[in-house]
Structure formats: structure tokens, C-alpha cells
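The values are calculated or read from the model by the stated rules, or taken from the named source; none is laboratory data. Just so you know, these numbers come straight off a predicted model, no measurement behind them. Neighbour counts are summed over all protein chains in view; Cβ atoms, including those assigned to glycine, are modelled from backbone coordinates with ideal geometry. To get the accessible areas, we keep the full protein, side chains included, count just its heavy atoms, and leave off ligands, DNA and RNA. Shrake-Rupley method; radii C 1.70, N 1.55, O 1.52, S 1.80 Å.
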Amino acid sequence: MLELIGVTTLEDSLRCAKEGGIVCMTGIVGNKWSFDNFAPMDAIPTAVCLTSYAGEVEDFMATPLQELCDQVEAGQLHVQIGKVFHLDEIVEAHRLMESNKAGGKIVVLP
């Protein structure tokens, strides 16, 4: 799970992660940089991993995005698609995401 809001929603994201899941905090959109009170043993569920990413533009640009796209196109890298929505169906897409019943990635087309 990619946590873009930050500490204001991190504990909720951790609770939503399934056993064996990984939560990566990479954003501080919530405009809060630290917890008031943080008890890791309470906040991080058993068998859930918490990590962070704070890379720079250069790090992102070094990602072999085209190579990954080529692998998907060639059928070498499988991405499970749960459901495809159009932008005007974004509310339904969000509801499906919150229900944890997508069965794969949710795709939203413009």
C-alpha cells in the first residue's frame, strides 16, 4: 500500500493492510510531519511491514518504467486487473477500493 497522505492517515492504512502486506509512506500531503503519540506495537499489525521512501527526482527517473511496460505488454509480467472504470465513475471506483473486493488493480481511464 502506498501511503501518500502521511502520518494523519498512516495508522488507518496500517489497519487496512492484510497479513504479509507492506505499507510504504512516501508522502506528507496531510501537512503533518510527526506523530503526537506513536506506539509501534499498537499501530503496526502483526505480520505487516512498514517502510518509507523519500527519493528524489533522479531516483524516480532511474526506474525502468518502459522496461516494466514492455514486460507487461509481452505477457512476461502479469498485473491482475480487478476492474476498469471511466473517470466519471470515480466514486464507484473508490467504493470498490474501500470494500477491498477489487480482486486486483483498479484502473481509471480518462
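I'd like the trypsin sites (Lys or Arg not before Pro) in region 1-91 restricted to DSSP loop residues with at most 11 other Cβ atoms within 10 Å, sorted by number.
Here the sparse-neighbourhood loop sites are Lys18.
Note down the magnitude of the dipole of the chain about its Cα centre, charges +1 on Lys and Arg C-beta and -1 on Asp and Glu C-beta and zero elsewhere, to the nearest 20 debye.
380
Got a number for the accessible area of His94? Probe 1.4 Å, square angstrom, nearest 10.
90
How much length would be gained if the chain were fully extended between Asp42 and Val108, taking 0.36 nm per residue of separation minus their Cα-Cα distance, in nm to one decimal?
Result: 20.3 nm gained on full extension.
Mind checking the angle between helix 90-99 and the chain's longest principal axis? C-alpha axes, 0 to 90 degrees, to the nearest 10.
For 90-99 against the chain, the angle is about 60 degrees.
Say each of Gln80 and Asn31 gets a label point 7 Å from the Cα, pointing the same way as Cα to Cβ; how far apart are those two points in nm?
3.8
Would you please state the base-10 log of I(q)/I(0) at q = 0.12, 0.18, 0.19 1/Å for the chain, with intensities from the Debye formula using one equal scatterer on every alpha carbon?
The computed values of log10 I(q)/I(0) come out as -0.58, -1.19, -1.25.
If ligands, DNA and RNA are left out, what is the accessible area of Thr51 with a 1.4 Å probe, given in Å² to the nearest 10?
70
Once the dipole of the chain is set up with Lys and Arg at +1 and Asp and Glu at -1 on Cβ about the Cα centre, which of Phe60, Asn100, Val48 lies farthest towards its positive end?
Final value for the positive-end residue is Asn100.
How about Lys105: which lysines have a C-alpha closer than 18 Å to its C-alpha, ignoring those fewer than 8 places off in the same chain?
Those lysines meeting the cut-off are Lys18, Lys83.
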